[in-house]
Amino acid sequence: MANNSSLSKRAALRQQQEMEERSKRNKRILTIGGAIAAITVIAVIAIVAIQAMGRGVGMAEEQLTPPNATEGYGVLVGGKSPVEGTPHLIIYEDFQCPACAAREAEYGPAVDQLVANGDITAEFRFAYFLDGAGREGGASHRAALAAAAADQVGAFDEYHKVVYANQSNSGGYSDSKLRDEFAEQAGITGEDLDEFKRLYNTKAFWDFTKNANQKFNDEEIGSTPTYQVSGEKLEFYDQNSQQVLIQPTPDDMLRAITEAYEAGGQEQE
């Protein structure tokens, strides 16, 4: 039979063992908590670093809007604003989109002619989904930044055409091509060239292009190129019949645009 003394010793031993177990458990909790905290800090640093890489060092604090910008974050063709009673064509594009380049090469001259004649007004709205979901500062985005900078120095139409003309051999639009080669081909020279390069290097139109891409997503446009008038999308080709629905001539483009304008209630977007 155990006496009181032996019972007290066993109780004390049990208490000591319990204290040691609690101490070990607390240390494990602290270790795990510290590891989680460290991972959280690393994740935050990584996110900040990625954002910094996208926006870059030297980002212009004063973000600009192109002089020929529209409320929908587009840039006007020929600098001509929408006019009441005249169809307004909105073209959604991604500068890395091969179909956009092909459509621009084939139908661009007809659109330019219609704008010059005053038959329509038009604007380009930029997206950069081909850079990858959630990615900023990729080739499509930087091309949009450069196009906006070109508008600032009065050379949007020329620069826009040059970018697409060089799409096949661009290799994804390097900074040197967007900033130097394409600017030269678009005829940007002298002080305008200096200003263009400064605007490009400082990403002065970052917010504008980001808003344009967000609007593309918000409106669920879905694909490029998309040509839209009064909320009605132009259909250029019938997949079932394999038939071209709009010919690349000013007359047929105007026919299709006018039909969409009337179908959409002659609304100005």
Per-region count, the stretch 141-162, residues closer than 17 Å to LEU199 by Cα, in contact with a helix residue (DSSP H, G or I) (Cβ under 7 Å, 6 or more places away or on another chain) and not in a loop (DSSP other than H, G, I, E, B): 14
Filter the stretch 197-241 for residues that are over 21 Å from ARG125 (Cβ atoms) and either crowded, with 17+ Cβ neighbours inside 10 Å or of a type outside the set (Phe, Trp, Tyr) (or both) and give the result. LYS197, ARG198, ASN201, THR202, ASP238, GLN239, ASN240, SER241
Checklist (1) in contact with a strand residue (DSSP E or B) (Cβ under 7 Å, 6 or more places away or on another chain); (2) within 16 Å of VAL229 (Cβ to Cβ) applied to LEU114, failing item: (1)
Looking at (1) more than 14 Å from ASN68 (Cβ to Cβ); (2) surrounded by 24 or more Cβ atoms within 10 Å (Cβ to Cβ); (3) among the aromatic types (Phe, Trp, Tyr), which is the only condition TYR159 fails? (1)
Given the criteria loosely packed, with under 15 Cβ neighbours inside 10 Å and not in a loop (DSSP other than H, G, I, E, B), does SER176 qualify? yes
Output yes when any residue across the stretch 221-234 is more than 23 Å from TYR73 (Cβ to Cβ) and either part of a helix (DSSP H, G or I) or not acidic (Asp, Glu) (or both), and no when none is. no
Output the number of the condition that ALA263 fails; it satisfies all remaining conditions of (1) at pLDDT 95 or above; (2) closer than 26 Å to ALA155 by Cβ. (2)
I'm told PHE182 meets every condition in (1) touching a Ser or Thr at 6+ places or on another chain (Cβ under 7 Å); (2) crowded, with 22+ Cβ neighbours inside 10 Å except one. Can you identify the failing condition by its number? (1)
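The values are calculated or read from the model by the stated rules, or taken from the named source; none is laboratory data. Note that the structure is predicted; figures quoted are calculated from it, not measured. For neighbour counting, all protein chains shown are included, and Cβ atoms are generated from backbone atoms with ideal geometry for every residue, glycine included.
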